[in-house]
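Taking it in order: structure first as structure tokens, then the write-up.
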Amino acid sequence: MDPLWIGALVAVATIVVLATGIPVAIGLGLVSVIFLWIFDGMSALSILAETMFSGLAEFSLVSIPMFIVMGAAVASSPAGKDLYEALDRWLNRVPGGLIISNIGACAVFAALSGSSPATCAAIGKMGIPEMRRRGFPDGLATGAIAAGGTLGILIPPSITMIVYGIATETSIGRLFLAGVFPGLLLMTLFMSWSLYTAWRQGYRFGNTGRTFSLKEKLEVLPRVLPFLIIIVGILYVLYGGVATPSEAAGVGAMFSLLLVAIIYRIWQPRRLWKIISDSMKESVMILMIIGTSVLFAYMMSSLFVTQSVANIIAEMNVNRWVLMAMINMFLLVAGFFLPPVAVILMVAPILQPIIEQAGFDPYWFAVVLTINMEIGLITPPVGLNLYVINGIVPDVSLPTILKGALPFMLCMVLGIILLSIFPQIATWLPTALMGSPL
């Protein structure tokens with residue numbers, strides 16, 4: 001059978017299997033085994049274990065569970081509450097400071113925890129009721145938190161960037177740096193839209209909250225600054241060549257556990273075990289997806305699907321920006337149905353040589369891909385952030401939350417356009433700090 005027809009069958013089968021709600025790792029593994037058995041026979045199944053193991057036998061993968069432990073420690077503590085409180089106190093006199101502090105708190109907490117749903121839950125539980133109490137429209141209050149939570153997969157340290165680096169064999173430290181300014185760009189776009197739409201809908205920015213003294217503003221900083229120092233420290237040791245991503249993640253996890261134990265007195269064995277067990281569950285889930293995605297990629301390559309698709313795309317006589325637009329549309333649709341990690345592991349190794357041949361910077365493309373995955377987090381049917389927000393404020397309907405999140409999706413699209421016009425937004429910082437890639 002023609003490899004392209006096999007590829008079409010694989011795509012349909014994968015969508016059908018994952019649509020049943022089966023875990024992504026099991027679904028990818030099942031599709032891989034069935035197609036290998038049908039087209040290559042039973043003999044092809046003898047290397048399944050070896051193929052999966054080779055995909056997991058990467059020292060850099062150690063950084064994933066370590067960063068997850070770091071995020072779980074932060075998410076299990078009142079760090080989100082303190083971060084929100086600190087920003088609210090310092091921006092209290094700024095017009096629109098409440099909406100700015102909510103999105104800012106989402107950005108920082110998402111970077112610390114690495115979990116978009118955890119960010120929505122931690123910041124949303126405090127920020128959404130307060131914004132609604134002060135008269136912000138329901139759609140804006142919920143949409144801003146849903147969108148703000150997505151920033152964690154772009155602003156370092158990012159699990160998604162680690163997975164991309166492993167899948168494409170690119171520098172994780174350089175990927176982290178490439179996400180800094182685009183993450184700040186999206187945060188600025190989110191804040192700007194929030195202020196504009198609140199004003200347009202008749203909200204009058206006033207100092208409706210209480211006034212905080214300098215002492216009150218300073219007293220919350222000791223509980224927040226240590227966590228911010230961890231982020232800066234991780235970035236420093238990575239781009240400075242002091243440590244590998246795995247080493248930096250291990251140290252970051254250790255300091256995060258120490259901080260929550262010292263600052264919030266979370267030192268009881270039962271509470272510490274919950275952090276470790278939750279981290280273990282999430283780590284196993286991600287590593288299983290990585291293992292089965294390697295098997296999936298092997299199946300696609302063994303049946304010559306990957307090579308055929310790559311050749312067709314490479315031979316298309318179209319402008320490279322038309323090609324990039326097509327790739328973006330594909331990523332956008334894929335993000336509607338699959339989690340970011342699964343999409344990256346399935347398509348990044350195929351797309352990487354194509355975009356490099358077309359003359360695009362691979363680190364710039366990693367940022368563009370990640371923003372597409374962010375859009376998927378607030379888009380049905382798999383838009384997890386929407387359901388988390390709906391669980392926090394069940395009296396606000398899901399269509400209202402989706403309607404409030406839609407403009408933020410357009411902000412992300414605008415971000416991709418700006419990155420296409422000014423790629424230096426993503427490429428300048430890693431080049432300035434780490435030199436030009438080889």
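So how many residues does region 396-438 have that are aromatic (Phe, Trp, Tyr) and closer than 20 Å to PHE336 by Cβ?
The first filter runs over region 396-438 and keeps only residues aromatic (Phe, Trp, Tyr), leaving 408, 422, 428.
Next, only the ones that are closer than 20 Å to PHE336 by Cβ stay: 408.
The number of residues fulfilling the criteria is 1.
Does region 25-33 contain at least one residue that is within 26 Å of the chain's Cα centre (by Cα), modelled with pLDDT under 85 and surrounded by fewer than 17 Cβ atoms within 10 Å (Cβ to Cβ)?
no
If we only count helices (runs of 4 or more DSSP H) wholly inside region 289-364, which ones have 2 or more residues that are free of Cβ contacts under 8 Å to residues at least 12 places away in the same chain? So that I can check it myself, show each step before the final result.
Numbers: elements: 305-315, 320-337, 340-357.
Per the criteria, 305-315, 320-337.
Quick one: VAL237 ticks every box in (1) at pLDDT 85 or above; (2) under 22 Å from the mean Cα position of the chain (by Cα) except a single one, so which number is it?
(1)
How many residues are among the small types (Gly, Ala, Ser), over 18 Å from SER293 (Cβ atoms) and touching a helix residue (DSSP H, G or I) at 6+ places or on another chain (Cβ under 7 Å) if we restrict to region 314-367? Spell out the reasoning first.
Initially, region 314-367 is screened for residues among the small types (Gly, Ala, Ser), giving 314, 325, 334-335, 342, 348, 358-359, 366.
Checking which are over 18 Å from SER293 (Cβ atoms) leaves us with 314, 325, 358-359.
From the residues that got through so far, the ones that are touching a helix residue (DSSP H, G or I) at 6+ places or on another chain (Cβ under 7 Å) too are 314, 358-359.
Residues meeting the conditions: 3.
Taking region 258-288, which residues are of a type in the set (S, T, N, Q) and either free of Cβ contacts under 8 Å to residues at least 60 places away in the same chain or in contact with a Cys (Cβ under 7 Å, 6 or more places away or on another chain) (or both)? Spell out how you get there, then give the answer.
Of the residues in region 258-288, the ones of a type in the set (S, T, N, Q) are 268, 277, 279, 283.
Selection gives GLN268, SER277.
Tally the residues that are of a type in the set (A, V, I, L, M) and farther than 23 Å from SER158 by Cα, restricting the search to region 248-271. Don't jump to the end; show me each part of the working.
Applying the first criterion (of a type in the set (A, V, I, L, M)) to region 248-271 yields 248-249, 251, 253-254, 257-263, 266.
Okay, now just the ones that are also farther than 23 Å from SER158 by Cα, so 261-263, 266.
So the answer is 4.
Scan ALA342, ALA253 and give me the residue that is at pLDDT 85 or above, surrounded by 22 or more Cβ atoms within 10 Å (Cβ to Cβ), of a type outside the set (S, T, N, Q) and within 28 Å of LEU112 (Cα to Cα).
Numbers: ALA342 fails: at pLDDT 85 or above.
Matching residue, one of ALA342, ALA253: ALA253.
Just wondering, is there one or more residues in region 408-421 that are under 28 Å from ILE172 (Cβ atoms), out of contact with any helix residue (DSSP H, G or I) (no Cβ under 8 Å at 6 or more places or on another chain) and either assigned to a helix (DSSP H, G or I) or among the hydrophobic types (A, V, I, L, M, F, W, C) (or both)? I'd like the intermediate steps shown before the answer.
Going through region 408-421, the residues under 28 Å from ILE172 (Cβ atoms) turn out to be 408-409, 411-421.
Cutting the leftovers down to out of contact with any helix residue (DSSP H, G or I) (no Cβ under 8 Å at 6 or more places or on another chain) gives us 417, 421.
If we keep only those that are either assigned to a helix (DSSP H, G or I) or among the hydrophobic types (A, V, I, L, M, F, W, C) (or both) too, we end up with 417, 421.
Yes, some residue in region 408-421 is under 28 Å from ILE172 (Cβ atoms), out of contact with any helix residue (DSSP H, G or I) (no Cβ under 8 Å at 6 or more places or on another chain) and either assigned to a helix (DSSP H, G or I) or among the hydrophobic types (A, V, I, L, M, F, W, C) (or both).
How many residues does region 268-309 hold that are among the basic types (Lys, Arg) and in contact with a Ser or Thr (Cβ under 9 Å, 6 or more places away or on another chain)?
2
Go through region 1-30 and count every residue that is touching a Leu at 6+ places or on another chain (Cβ under 9 Å), in a helix (DSSP H, G or I) and over 16 Å from PHE337 (Cα atoms).
Residues in region 1-30 being touching a Leu at 6+ places or on another chain (Cβ under 9 Å), in a helix (DSSP H, G or I) and over 16 Å from PHE337 (Cα atoms): 4 in total.
Are any residues in region 108-141 among the small types (Gly, Ala, Ser), assigned to a helix (DSSP H, G or I) and crowded, with 24+ Cβ neighbours inside 10 Å, and if so, which ones? I'd like the intermediate steps shown before the answer.
Going through region 108-141, the residues among the small types (Gly, Ala, Ser) turn out to be 110-111, 113-116, 118, 121-122, 124, 127, 135, 139, 141.
Then keep just the ones that are assigned to a helix (DSSP H, G or I); that gives 110-111, 113, 116, 118, 121-122, 124, 127, 139, 141.
Result: ALA110, ALA111, SER113, SER116, ALA122, GLY124, GLY127, ALA141.
Taking region 72-107 as the search range and keeping residues that are among the charged types (D, E, K, R) and assigned to a helix (DSSP H, G or I), which one is farthest from the chain's Cα centre (by Cα)?
Checking each candidate, the answer is ARG89.
Among the candidates GLY183, GLY104, which residue alone is under 21 Å from LEU259 (Cβ atoms) and of a type outside the set (A, V, I, L, M)? Spell out how you get there, then give the answer.
Working: GLY183 fails: under 21 Å from LEU259 (Cβ atoms).
GLY104 is the lone residue from the list that is under 21 Å from LEU259 (Cβ atoms) and of a type outside the set (A, V, I, L, M).
The rows are residues; the columns are (1) modelled with pLDDT under 95; (2) surrounded by fewer than 23 Cβ atoms within 10 Å (Cβ to Cβ); (3) not β-branched (Val, Ile, Thr).
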{"position": "MET373", "(1), (2), (3)": "yes, no, yes"}
{"position": "LEU377", "(1), (2), (3)": "yes, no, yes"}
{"position": "ILE389", "(1), (2), (3)": "yes, no, no"}
{"position": "LEU410", "(1), (2), (3)": "yes, yes, yes"}
{"position": "SER420", "(1), (2), (3)": "yes, yes, yes"}
{"position": "ALA426", "(1), (2), (3)": "yes, no, yes"}
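Okay, residues lined up against (1) touching a residue at least 40 places away in the same chain (Cβ under 8 Å); (2) within 30 Å of LEU221 (Cα to Cα):
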residue	(1), (2)
VAL24	yes, no
LEU30	no, no
ILE38	no, no
GLY41	no, no
THR51	yes, no
SER54	yes, no
SER63	yes, yes
MET66	yes, yes
GLY80	yes, yes
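State which residue is farthest from GLY55 (Cα to Cα) when the search covers only region 114-150 and only residues that are modelled with pLDDT under 85 and among the hydrophobic types (A, V, I, L, M, F, W, C).
That would be PHE136.
The values are calculated or read from the model by the stated rules, or taken from the named source; none is laboratory data. None of the values given here were measured: they were computed from a predicted structure. Ideal geometry is used to build each Cβ from the backbone, glycine not excepted, and the neighbour counts take in all protein chains shown.
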